[in-house]
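One structure below.
The values are calculated or read from the model by the stated rules, or taken from the named source; none is laboratory data. Note that the structure is a prediction, hence the values are computed from the model and not measured. As a convention, Cβ positions derive from the backbone with ideal geometry for all residues, glycine included, and neighbour counts pool all protein chains shown. Side chains included, ligands, DNA and RNA excluded: accessible areas come from the protein's heavy atoms. Shrake-Rupley method; radii C 1.70, N 1.55, O 1.52, S 1.80 Å.
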Amino acid sequence: MLKEKFKIGRLEIIVFIAGTVVMILELIGSRILAPYLGNSIFVWASLIGVILGALSLGYYLGGHFSANNPKLKFLAAIIFAAGLSILIITLIKDLVLFSAIELGVKTGSILATLILFTVPSVLLGMVSPYALRLKIEKIENSGGVAGNLYALSTIGSIAGTFLAGFYLIPTFGSTQILFGLSAVLIITALLGGGKKTKAIALILVIIIWSLNQLVPSQFVFEGDSAYNHIIVKDTIDKNNEEVRILYLATESHSGVYKNPNELYASYHQFYRLDTLFKPKIEKALTLGGGAYVAPRDFLKRFPKALMTVVEIDPKVTEVAKQYFWLQDNPRLKIDHQDGRIFLNNNREKFDVIYGDAFSSYYSIPFQLTTKEAAEKIYNSLTDDGIFILNIIAALDGDKAKLFQAEYKTLQSVFPQLYLFPTRYYNGENQGKYQNLVLIATKNQTRLTKQELVKEATSKQKELLEHLWEGPLELDPSLPILTDNFAPVDYYISKLL
């Protein structure tokens with residue numbers, strides 16, 4: 001009986017590293033595309049589909065080129081070329097992605113992925129079948145050799161997945177990781193000979209990386225977390241006021257005047273309608289922290305009340321503390337986890353829940369839009385509690401699909417809904433997107449505008465002018481959003 005002893009040699013190392021780099025490249029691809037095209041299912045589908053297709057082509061080409069006179073130097077050249085192609089990504093990605101934006105999320109995601117990731121994926125796909133042909137000496141042991149090499153490749157991919165998700169992406173910037181992958185592949189190519197050319201290329205990678213580090217940032221802060229690419233930028237608004245903006249990816253999520261006592265975003269003003277619907281507020285919950293604008297304003301307005309903020313990204317909280325005047329407060333509790341997970345496990349009761357969680361500029365995380373989530377919110381409120389939700393959408397037309405679906409969903413749970421368009425509220429421009437603030441109450445009795453005005457402050461009276469009293473024609477074909485079916489990304493694509 002033939003017994004082969006498994007040994008770790010140059011080919012095994014090459015195959016393992018190629019498998020590792022493939023998965024890191026795929027995961028980092030989502031972070032490269034997200035600042036320009038978002039992080040929707042369309043982006044992930046484009047990445048997975050294109051890279052799988054490129055790997056398949058690579059498997060075919062690797063087998064084809066290995067058929068006649070396979071050489072280790074040729075395999076090293078494949079690895080070397082893959083390293084250079086990843087280096088090229090760092091040089092062209094911004095230009096490609098700026099162009100892709102003009103094509104929309106779906107087409108732009110596919111085209112950007114094709115341009116940026118096809119070549120390195122094809123080259124990395126060639127490694128395993130070519131290495132297999134180099135390794136096979138006898139036909140009778142080919143099955144064992146193939147099994148060993150493909151197992152190593154898969155183990156490398158598993159290692160790359162955990163390495164990228166748990167260490168690289170939270171610790172380093174996307175461009176830094178690409179430089180690292182390029183350098184690793186060029187060093188790996190040295191195992192196959194032709195060292196002079198590859199050593200020069202490695203020096204080139206190091207030089208370009210060094211120059212990249214020397215370019216001064218145009219932002220107050222820029223960095224990556226496990227969830228976001230975070231940017232803090234100072235700018236001047238149309239009224240010549242100094243403003244500080246928090247960007248997650250390239251999308252503005254929160255803004256404050258450099259005088260932090262004033263609210264910058266108009267929709268935050270509408271949160272101040274809370275006391276008209278719940279006069280006595282002692283305990284509140286905010287889903288989504290961002291720059292913590294609304295929670296800070298709440299603590300100022302209610303000097304004895306308690307606020308809990310659920311923010312998924314601890315790095316965002318750190319940035320809010322360093323750049324957006326968020327301070328530790330015994331009345332402020334911050335919980336770093338997904339908002340839906342918090343609601344699923346929550347046993348507390350809140351007078352008000354503010355919904356301000358966004359996975360992109362337009363998109364509420366789908367798991368917070370569903371009927372099941374609305375029921376969790378309802379059950380987390382006191383008997384006369386209220387839920388205030390900010391949605392970016394239109395009132396009518398294709399751009400209204402997310403709003404209308406969410407309105408119908410909340411309507412199936414809460415007795416009363418009050419709608420406040422922040423910009424277009426006089427019956428015109430209903431097809432244009434804007435911030436739409438919904439106030440859902442557990443109170444069975446509907447309050448008239450006259451009743452609300454009677455109790456309102458002067459500022460609240462101004463905001464009440466935005467109360468939508470006209471007809472709201474909801475599309476009967478739009479289903480209520482559920483955990484089983486919530487096509488939020490599709491509705492967002494219509495908005496975009």
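At the residue level, Ser99 shows approximately 70 square angstrom of accessible surface with a 1.4 angstrom probe and all protein chains present.
Could you tell me what a quarter of the Cα convex hull surface of the range 253-362 works out to, in nm² with one decimal place? Mean shadow area of the hull around the Cα atoms is 6.9 nm².
Each principal axis of the Cα cloud of the range 420-464 was evaluated for its coordinate range; sorted largest first, these ranges are 31, 25, 15 Å.
Expected output is a single nm value to one decimal: the length gained when fully extending between Leu114 and Glu462, i.e. 0.36 nm times separation in residues minus the C-alpha distance. What is it?
The Leu114-Glu462 span can extend by a further 120.2 nm.
Based on Cα atoms of the chain, Rg over Rh with Rh as the Kirkwood radius reads 1.07. Modelled this way, with points 7 Å down the Cα-to-C-beta line, the labels at Asp475 and Glu318 are 4.1 nm from one another.
Kirkwood radius for the range 316-388, taken over all pairs of different Cα atoms as the inverse mean of 1/r, rounds to 13.8 Å. The alpha carbon centroids of the range 226-304 and the range 164-207 are separated by 41 Å.
The sum of -39500 (n - 2.57) across all DSSP H runs of n ≥ 4, divided by the residue count of the chain, sets its helix-only mean residue ellipticity at 222 nm to -16000 deg cm²/dmol. Over all pairs of different C-alpha atoms, the range 356-455 has a mean inverse distance whose reciprocal, the Kirkwood radius, equals 14.3 Å. A Förster radius of 30 Å combined with the Cβ-Cβ distance from Leu95 to Ser56 puts the calculated FRET efficiency at roughly 0.60. Using the average count of surrounding beta-carbon atoms within 10 Å as a protection proxy, the listed peptides 330-342, 433-445 rank, highest first, as 433-445, 330-342. For the range 431-496, the spread of Cα coordinates along the three principal axes comes to 42, 29, 20 Å, biggest extent given first. Amide H to amide H, with H built 1.01 Å from N, Asp224 comes under 5 Å of Ile230, counting only residues 5 or more places away or on other chains. Each principal axis of the Cα cloud of the range 24-109 was evaluated for its coordinate range; sorted largest first, these ranges are 46, 24, 21 Å.
Annotation: peptides 276-289, 15-28, ranked by per-residue average of other Cβ atoms within 10 Å with the highest first, follow the order 15-28, 276-289.
Computed about the Cα centre, the dipole magnitude for the chain is approximately 1420 debye when only Lys and Arg (+1) and Asp and Glu (-1) carry charge, each at its Cβ.
How much net charge surrounds Leu452 when only the other residues with a Cβ under 14 Å from the Cβ of Leu452 are counted, with Lys and Arg +1 and Asp and Glu -1?
Net charge around Leu452: +1.
Shown in residue order for the range 106-114 are the 3J(HN,Hα) couplings computed by the Karplus curve 6.51 cos²θ - 1.76 cosθ + 1.60 at θ = phi - 60°: 5, 5, x, 5, 5, 5, 4, 5, 4 Hz (x for Gly and Pro). Close amide H pairs (under 5 Å, H built 1.01 Å from N) link Ile334 with Val309, residues at least 5 positions away or on another chain. For Met126, nonlocal amide neighbours, meaning residues 5 or more places apart or on other chains whose placed amide H falls under 5 Å from its own, do not occur. When peptides 487-493, 469-475, 145-151, 72-78 are ranked by their average number of other Cβ atoms within 10 Å per residue, the highest-first order is 487-493, 72-78, 145-151, 469-475.
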